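Accompanying notes for the structure given below.
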Amino acid sequence: MRATVLRNGPSPVSASADSIVEVRGVSKYYGSVEALRSIDLDFPRGKLTSLLGPSGCGKTTLLKIIAGLITADAGTIAIDGKYVSTPGPERAFVFQDFALMPWATVLRNVAFGLELRGMDKTKRENIARHYIDEVGLAGFGDKYPHELSGGMRQRVGLARALSVDADVLLLDEPFSAVDEQNRRKFQEDLIRLRTNQNKTFIFVTHSIEEAVYISDRIVLLSPRPGRVSQVIEPQIDRSVDPERIHRDKHYLDTVEEIWQGLKQYVE
Amino acid sequence: MTLFGYRVPMMASLLVWCLIWEIIGRAHLVFLLPPLSEVLAAAVHLVQTASWQNATITTLRAFVMGMALSILFGVPLGILMGRVKIADDLLGMWVNIFSSAPLSALVPVLMILFGFGERTIVAAVFLFAIWIIVLDTRAGVRHISPSLVEMARSYGASRRALYTKVILLAALPEILAGIRLGLIRGVKGVVIGQLLVAIVGYGALFETFSRNFRMAEFWALTIILFAFALLVAQLIEQAEAKVEYYAGAR
Ligand SMILES: Nc1ncnc2c1ncn2[C@@H]1O[C@H](COP(=O)(O)OP(=O)(O)OP(=O)(O)O)[C@@H](O)[C@H]1O
Ligand SMILES: [Mg+2]
């Protein structure tokens, strides 16, 4: 269960056997601020990859470029070999601040992605109900977002992303506005979902523990301008009890190793 | 309100003022102020006359048309200014000037443009009401969390769906607040317009009453107008409260 360091330094990544998202030479400037510098990355199908790095290093920017919400100044994004520059049905985004419509019920919020695709009401609400149950919100369909806790709201956001049946789920610090207990529970749910749903997750976080705990792969970004500094595969056996993972030596070693790599940026 | 250290409820203080009015009126202290009881009697009589009913229909029609136009143009204009920077830069200054300018001064200009008739009244309502609707709508649109718009885009919303299903609804609380203020300003517009044109609706009635010193009827009409303005504001406020509830924790 030793963590594998795939590479060090900003040399291009060799395309892995089956990658669903390919990022090539992506750069982004905000005015004169260089946010990302020629990012090359592959995201393997069916895996959960975390983007980890110090605040302001461009994690959100990269995720939104992959989502097609921001256009890159240079480089390309390919999903299943097809170049994309706008949002598409094969990707779904989960927002840090949930982005729920306060005037709509949980059910309507979850079904909203399908509503926008013109699916008829009974059909989309049946699908939405299924995923509301799936994320553990059974019985809350008629509630409004302000009647829910932060953790529950994010579950609504997750259910909405699952409902549209996208192959790639993009999550931008989905737990940062959620309290610690809910966060743990949520992380476990995410691991379970990843095994059940056979989807590809790209997950932004600035918590090393969280990244090591839930990821198949961790991409470390350097501070601005964001570049890929390291790719790590924690290889942690998640079939065991979550409590044991948190005490597992390899888990702790990997956390420490990443911390050593990131420490230089903090000082 | 407090009086000699006692808290006086709203209704009670209103009663006190009514009483003062009655006494001043009976004492003939102020030449143009008949006692309240006389005014109320005049009001009851007035609402039964054909001339009042016709004037009310004319006034309401002008008011409703002017308001409908200012909502129809004001809300889209506010959304445009909230979303498009160039539009905001071009129009922002003018909307701000108009929303705080003494617009009564412009009513004579409206008379020249639209003639001595109902069209001028409609234009006056429009001119008084639209700017605050534009400003509040703009503020509401500016208020929308960017991630809500990104959410709609990321799930493939068409431009039309983005505006009708997300932006319009997200800004609804502010839009309604703007419309409420607009309605109150619109009442001002209809009154000032009619007073200046003076041959349409309530303006004509006011003119007749004041010219013939029929002060009881004059005041009765004023009270009816005030009550109407308050009622309109109250109704909108109730609708707003409902929307605010759903908007919840934004
Ligand atoms: N709209 C914008 N205009 C100007 N600069 C921006 C904009 N968005 C982001 N930036 C800058 O680009 C850099 C990268 O931002 P980004 O939000 O992608 O970082 P992040 O890694 O997600 O940070 P955090 O961990 O704080 O969420 C930051 O320095 C930020 O200040
Ligand atoms: Mg971020």
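The values are calculated or read from the model by the stated rules, or taken from the named source; none is laboratory data. Please read all numbers here as calculations on a predicted model, not as lab measurements. Cβ placement follows ideal geometry from the backbone for every residue including glycine, while neighbour counts extend to all protein chains displayed. Accessible surface is based on the protein model in full, side chains and every heavy atom, while ligands, DNA and RNA are left aside. Shrake-Rupley method; radii C 1.70, N 1.55, O 1.52, S 1.80 Å.
Remark: the stretch B:130-146, residue by residue, has Karplus-estimated 3J(HN,Hα) of 5, 5, 5, 5, 4, 5, 5, 4, 4, 4, x, 5, 4, 6, 4, 5, x Hz, where x stands for each Gly or Pro and the curve is 6.51 cos²θ - 1.76 cosθ + 1.60 at θ = phi - 60°.
I need the helices of chain A that pass two filters: whole DSSP H segments spanning 15 Å or more by Cα along the axis, and mean Kyte-Doolittle score no lower than -1.0. Flagged H segments are A:106-116, A:150-163, A:249-266.
Shielding value for A:87-95 is 3, the average number of Cβ atoms from other chains within 10 Å of each residue's Cβ.
Averaging the sequence gap over all C-alpha pairs within less than 8 Å and six or more residues apart, then dividing by the number of residues, gives chain A a relative contact order of 29 percent. Under the convention that each Lys and Arg Cβ holds +1 and each Asp and Glu Cβ holds -1, the size of the dipole of chain A around its Cα centre is about 380 debye.
Per the 1.4 Å probe, what fraction of the accessible area of chain A, in percent, lies on carbon and sulfur atoms?
Working: 5360 of 11230 Å².
About 48 percent, which is the carbon plus sulfur part of the accessible surface.
Using only helices, what value at 222 nm comes out for chain A when you add -39,500 (n - 2.57) per DSSP H run of length 4 or more and divide by the total residues, to the nearest 500 deg cm²/dmol? Mind showing how you got there, number by number?
Working: 8 runs with 97 residues, N = 267.
Roughly -11500 deg cm²/dmol at 222 nm, from the helical runs in chain A.
Rounded to the nearest 20 debye, the dipole magnitude of the stretch B:170-218 is 60 debye, with +1 charges on Lys and Arg beta carbons, -1 on Asp and Glu beta carbons, and the Cα centre as origin. Against the criterion of solvent-accessible heavy-atom surface with a 1.4 angstrom probe, B:Arg159, A:Arg183, B:Arg211 sort, most first, into B:Arg159, B:Arg211, A:Arg183.
Dipole size of the stretch A:29-187 about its Cα centre, with +1 on Lys/Arg Cβ and -1 on Asp/Glu Cβ: approximately 260 debye, rounded to the nearest 20.
Could you tell me which of rounded, prolate or oblate describes the stretch A:20-100, using a ≥ b ≥ c as the square roots of the eigenvalues of the alpha-carbon gyration tensor, with rounded for a/c under 1.5 and, failing that, prolate when a/b is larger than b/c and oblate otherwise?
Working: a/c = 1.40, a/b = 1.15, b/c = 1.22.
In terms of gyration-tensor shape, rounded.
Take A:78-85, A:106-113 and order them by the average number of nearby Cβ atoms within 10 Å per residue, most first; the result is A:106-113, A:78-85.
Taken one residue at a time, the phi angles of the stretch B:77-93 give Karplus couplings (6.51, -1.76, 1.60, θ = phi - 60°) of 5, x, 5, 4, 5, x, 9, 10, 5, 4, 4, 5, 4, 6, 9, x, 4 Hz. Gly and Pro are set to x.
With all protein chains kept in place, the per residue accessible area of the stretch B:1-106 amounts to 67 square angstrom at a probe of 1.4 angstrom. The accessible surface of the stretch B:11-119, taken with every protein chain in place and a 1.4 Å probe, is 78 percent carbon and sulfur. Would you work out which of A:Tyr83, B:Leu103, B:Leu168 lies farthest towards the positive end of the dipole of the protein assembly as shown? Charges go on Cβ: Lys and Arg +1, Asp and Glu -1. Sorting the options by dipole projection puts first B:Leu103.
On average, how many beta carbons from a partner chain sit within 10 Å of the beta carbon of a residue in A:109-120?
Numbers: counts 1, 0, 0, 7, 6, 1, 4, 11, 3, 3, 0, 0.
So the per-residue partner count for this stretch is 3.
Close amide H contacts of A:Ser38 (hydrogens built in the peptide plane, cut-off under 5 Å, sequence separation of 5 or more or a different chain): A:Ser27, A:Lys28.
Could you tell me which of the pairs B:Lys165/B:Lys188; A:Lys47/A:Lys82; A:Lys59/A:Lys121; A:Lys199/B:Lys85; A:Lys28/B:Lys85; A:Lys64/A:Lys199 are separated by over 28 angstrom between their Cα atoms in the structure shown? Write down the numbers at each step before the final one.
Details: B:Lys165/B:Lys188 33 Å; A:Lys47/A:Lys82 19 Å; A:Lys59/A:Lys121 36 Å; A:Lys199/B:Lys85 39 Å; A:Lys28/B:Lys85 23 Å; A:Lys64/A:Lys199 18 Å.
Too far apart for the 28 Å limit: B:Lys165/B:Lys188; A:Lys59/A:Lys121; A:Lys199/B:Lys85.
Spatially, the stretch B:200-233 and the stretch A:93-118 are offset by 51 Å when compared through their Cα centroids. Only helices enter the 222 nm calculation for chain B: every DSSP H run of n ≥ 4 contributes -39,500 (n - 2.57), and dividing by all residues gives -26000 deg cm²/dmol, rounded to 500.
Between the listed residues B:Ala68, B:Leu235, A:Asn198, the Cα displaced farthest toward the positive end of the dipole of the protein assembly as shown, a dipole computed from Cβ unit charges relative to the Cα centre, is found at B:Ala68. A DSSP coil position with no more than 15 other Cβ atoms inside 10 Å describes the following chymotrypsin sites (Phe, Trp or Tyr not before Pro) in the stretch B:92-144: B:Phe116. 3J(HN,Hα) couplings calculated from phi for the stretch B:149-159 with the Karplus curve 6.51 cos²θ - 1.76 cosθ + 1.60 (θ = phi - 60°) are, in sequence order, 5, 5, 4, 4, 5, 5, 9, x, 5, 6, 4 Hz; Gly and Pro show x.
Amide hydrogen proximity for A:Phe203: with H placed 1.01 Å from N in the peptide plane, the residues at 5 or more positions away or on another chain lying under 5 Å are A:Thr49, A:Ser50, A:Leu51, A:Leu171. Each of B:Leu225, B:Val149, B:Phe213 was scored by the projection of its Cα onto the charge dipole of chain B, and the greatest displacement toward the positive side belongs to B:Val149; charges sit on the C-beta of Lys, Arg, Asp and Glu. For the segment B:138-150, counting C-beta atoms of other chains within 10 Å of every residue's C-beta and taking the mean gives 3. Take every Cα pair under 8 Å whose residues are at least 6 apart in sequence, average their separation, divide by the length of chain B, and the relative contact order is 24 percent.
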